[in-house]
Amino acid sequence: MISVEEALEKVLSYVEVLEPEQKPILDCLGQVLAEDVYSTIDIPPLDNSAMDGYALRAKDTRGAGESSPRYLVVVGEVAAGSMPAQEVRPGTAIRIMTGAPLPEGADAVVRFEDTDEGNRKSSGGDLSQIGILCQASKGLNVRDRGEDIASGDLILKKGKVLRPQEIGVLASLGRPTVLVIRRPIVAILATGDELIGVDQPLAPGKIHDSNNYAIAAEVSRYGGIPKILGIGRDSVRSLTEKIDEGLDADMLITSGGVSKGDYDIVKDVLAEHGEVGFWTVCMKPGKPLAFGIMKKMEGRRERKVPHLGLPGNPVSSMVTFEQFARPAILRMMGKKILAKPAIRAIIEDDVVDTDGRRLFARVSVTKRGGQYYASVTGPQGSGILTSMAKANGLAVIPENSKGVKAGDLVEVQMLDWGEEQGEVKTLPIVSIVGKSQSGKTVLMEQLIAEFKRRGYKVAALKHSRGGMEIDRPGKDSWRFTQAGSDAVLVSSPDKLAFIKNLNHDLSIEEIMPIVGLEFDLVLAEGFRKSKIPKIEVHKKGLGDDLLCSPDELSAIVTDGSLDTDITQLTWGDTVAVADFIEKNFVLNSQSNAFLPPMKEEG
Ligand code: AMP
Ligand code: MG
């Protein structure tokens, strides 16, 4: 039996990034850019107006206000798409629309709402003059030439996965086509004498083929081009015929025929075409898996087509597709991120896993109060395809774990999240709580030093009930605060302090976006009421009780031993505490991480 990781590594060792092709930009969504894209133009190409209003000279509005209009002579009008016919001289203005080029001489635009145009119009007044009701500064409502993109700049780098926004940028650069890694063509073949097509009426002993459809849809979702070969019968002749058709593709995916009884036929047919191996992967569902390389002569060149033989059970074939075929397709497309984004969730049901294989349980994930929960989607038989339809995640129950209990934390692969989501930078945070005199601050010091030793960029966050040292009366920062500044920044050659005035005690959720994402880990002290992961320091001498209720804690660090189920770490063994934090909150940080701003998943 081989592990899921070993199987994936083998599959990936046989697939290569495909060659690039030049394509219309609209066909490139989700594909990987195969060229560096530079701009040959400025965007916007000219200074232009960001508002509908009047282009004028800021100087001419000096002293203007609601009750002291400055009157200017309107010398013309310019719409988006045309060039101004006049220039703005002192004492004049030109009526201008959003996007229209700024006339010569003008350096600001005052929007209609800040003029008396409305009044003039409703009273049938004279529009050859305009009253300006506000003082404009130079550059007001003006978009500068090249403020978005400057000619010569590198705009999109090779390797970028094209999303709608990049397609838009390419269009704005005037690029109708672009070079991208081509999409793989994936041939798909269902096997089995019991299968009939979706458009056929059921007959005794027959079932509709669903695998071809589910797999073809998966291939499309991940950017490949599915080519359904149809249904192969459980005979050498039928399979040979179908597989020959699949040799033009970049990859062949078959389903069924790999379980013990059937496998001989598939094996014989595939052995004719190349090499085939039969693996028992340590996973459930989906234990039997065939993998091979088929060879085809193209002129004098031999072409190798990887073949993945998925199990026939509909759930097994989808789960094995996710683990092995999906990364192979992404690799062929030139993508770098192959892992499904995973979160840590609290499982809401007991899941038994006694046969020592890694179990992929179909779950429905919800987010409540900042925490993910995963509930199993009913009966988990590998033929029950609706368990997949109800699921938005696969909970990964480790091999040799005997399963998990409701309330345990599990890793969940999010089926509907894009791989690129893994790129989102998140900021793990853990808080050290404990009674006063328990040694919180000492543990903080030790952990900070330990994580620095491990090469982390660490921020420490301390809640200080009684004011702040750097903001002491008499100091300049204090005086600026007294004078009413909303925030004071104190910088020196080696430090920066940011002092912000508050009207309430901030929660961690409010503080994190201010911290920003430049750190690898935030270690907080206190904040025991918040929902972030917490580790309590317990000191024997202060009694057996804890400050927090055990179900809110991730672990306890103690100099004694407590009668509880939570992980207990030994006071003084900082390496073990750091290992615990690293393993549970840093390396797998999506679930407790703060993204500024926090996003809620449905
Ligand atoms: P096999 O791996 O060929 O022994 O198939 C295992 C189970 O999956 C059997 O119950 C098959 O009927 C079922 N199965 C195989 N292929 C398909 C398919 N394309 N669509 C739906 N069920 C299938
Ligand atoms: Mg079969």
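Quick check on my filter: what residues within the range 94-121 are touching a Pro at 6+ places or on another chain (Cβ under 9 Å) and open to solvent by less than 20 Å² (accessible area, probe 1.4 Å)?
Ile94, Ile96, Ala100, Pro101, Pro103, Ala106, Thr115
What's the total number of residues in the range 60-89 that are assigned to a loop (DSSP other than H, G, I, E, B), surrounded by 11 or more Cβ atoms within 10 Å (Cβ to Cβ) and not acidic (Asp, Glu)?
Looking only at that region, the number is 10.
Return yes when Ser477 is of a type outside the set (Val, Ile, Thr), open to solvent by less than 50 Å² (accessible area, probe 1.4 Å), out of contact with any Phe, Trp or Tyr (no Cβ under 8 Å at 6 or more places or on another chain) and farther than 25 Å from Val433 by Cβ and no when it is not.
It is true that Ser477 is of a type outside the set (Val, Ile, Thr), open to solvent by less than 50 Å² (accessible area, probe 1.4 Å), out of contact with any Phe, Trp or Tyr (no Cβ under 8 Å at 6 or more places or on another chain) and farther than 25 Å from Val433 by Cβ.
Which residue, of Val180, Val219, is out of contact with any helix residue (DSSP H, G or I) (no Cβ under 6 Å at 6 or more places or on another chain), buried (at least 18 other Cβ atoms within 10 Å of the Cβ), of a type in the set (A, V, I, L, M) and not in a strand (DSSP E or B)?
Details: Val180 fails: not in a strand (DSSP E or B).
Being out of contact with any helix residue (DSSP H, G or I) (no Cβ under 6 Å at 6 or more places or on another chain), buried (at least 18 other Cβ atoms within 10 Å of the Cβ), of a type in the set (A, V, I, L, M) and not in a strand (DSSP E or B) holds for just one of Val180, Val219, which is Val219.
Of everything in the range 9-56 that's in a loop (DSSP other than H, G, I, E, B) and among the polar types (S, T, N, Q), which residue is surrounded by the most Cβ atoms within 10 Å (Cβ to Cβ)? Break it down into steps so the answer makes sense when it comes.
Our first condition is that a residue be in a loop (DSSP other than H, G, I, E, B); within the range 9-56, this holds for 14-19, 28-31, 34-36, 39-42, 44-47, 50-52.
Next, from what is left, pick out any that are among the polar types (S, T, N, Q): 31, 39-40.
On the way: Gln31: 23, Ser39: 21, Thr40: 10.
So, considering only residues that are in a loop (DSSP other than H, G, I, E, B) and among the polar types (S, T, N, Q), the one surrounded by the most Cβ atoms within 10 Å (Cβ to Cβ) is Gln31.
Look through the range 263-313, keep the residues that are open to solvent by less than 60 Å² (accessible area, probe 1.4 Å) and part of a loop (DSSP other than H, G, I, E, B), and return whichever of them is nearest to ligand 2 (Cβ to nearest atom).
Step by step, filter the range 263-313, then rank; the result is Gly312.
Evaluate the range 367-384: report whether one residue or more is touching a Ser or Thr at 6+ places or on another chain (Cβ under 9 Å), in a strand (DSSP E or B), polar (S, T, N, Q) and at pLDDT below 95.
Yes; the residues of the range 367-384 include at least one that is touching a Ser or Thr at 6+ places or on another chain (Cβ under 9 Å), in a strand (DSSP E or B), polar (S, T, N, Q) and at pLDDT below 95.
Out of the residues in the range 199-216 meeting the condition of being in contact with a helix residue (DSSP H, G or I) (Cβ under 7 Å, 6 or more places away or on another chain) and among the hydrophobic types (A, V, I, L, M, F, W, C), tell me which one is surrounded by the fewest Cβ atoms within 10 Å (Cβ to Cβ). Working first, answer last.
Residues of the range 199-216 that are in contact with a helix residue (DSSP H, G or I) (Cβ under 7 Å, 6 or more places away or on another chain), as a first pass: 210-211, 214-215.
Add one more test, that the residue is among the hydrophobic types (A, V, I, L, M, F, W, C), and what stays is 214-215.
Values: Ala214: 20, Ile215: 26.
Here the residue is Ala214.
Taking Val515 and the conditions (1) open to solvent by 20 Å² or more (accessible area, probe 1.4 Å); (2) at pLDDT 85 or above; (3) closer than 30 Å to Arg479 by Cα; (4) not hydroxyl-bearing (Ser, Thr, Tyr), which numbered condition does it fall short on, given that it satisfies the others?
(2)
Yes/no per residue for (1) touching a Leu at 6+ places or on another chain (Cβ under 7 Å); (2) in a loop (DSSP other than H, G, I, E, B):
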{"site": "Phe519", "(1), (2)": "yes, yes"}
{"site": "Leu523", "(1), (2)": "yes, no"}
{"site": "Val537", "(1), (2)": "yes, no"}
{"site": "Leu569", "(1), (2)": "no, no"}
{"site": "Glu582", "(1), (2)": "no, no"}
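Taking the range 492-503 as the region of interest, how many residues are of a type in the set (S, T, N, Q), within 16 Å of Ile514 (Cβ to Cβ) and open to solvent by less than 90 Å² (accessible area, probe 1.4 Å)?
Selection size over the range 492-503: 1.
Of Met318, Met332, which residue is within 19 Å of Lys227 (Cα to Cα), at pLDDT 95 or above and open to solvent by less than 10 Å² (accessible area, probe 1.4 Å)? Walk me through how you get there before you give the answer.
Numbers: Met318 fails: open to solvent by less than 10 Å² (accessible area, probe 1.4 Å).
Only one candidate passes the filter, namely Met332.
Using the structure shown, decide if Asp262 is among the acidic types (Asp, Glu), within 11 Å of ligand 1 (Cβ to nearest atom) and modelled with pLDDT under 85.
Yes: the conditions hold for Asp262.
Which of the residues spanning the range 425-443 are under 13 Å from Lys534 (Cβ atoms) and either among the aliphatic types (A, V, I, L, M) or free of Cβ contacts under 8 Å to residues at least 40 places away in the same chain (or both)?
Passing the criteria: Ile429, Val430, Ile432, Val433, Leu443.
Among the candidates Pro327, Pro379, Pro311, which residue alone is in contact with a helix residue (DSSP H, G or I) (Cβ under 7 Å, 6 or more places away or on another chain) and without any contact (Cβ under 8 Å) to a residue 40 or more places away in the chain?
Being in contact with a helix residue (DSSP H, G or I) (Cβ under 7 Å, 6 or more places away or on another chain) and without any contact (Cβ under 8 Å) to a residue 40 or more places away in the chain holds for just one of Pro327, Pro379, Pro311, which is Pro379.
The values are calculated or read from the model by the stated rules, or taken from the named source; none is laboratory data. A quick note: this is a predicted structure, and the numbers were derived from the prediction, not measured. Note: ideal-geometry Cβ built from the backbone for every residue, glycine included; neighbour counts use all protein chains shown. The accessibility values were calculated without ligands, DNA or RNA, using every heavy atom of the protein model including side chains. Shrake-Rupley method; radii C 1.70, N 1.55, O 1.52, S 1.80 Å.
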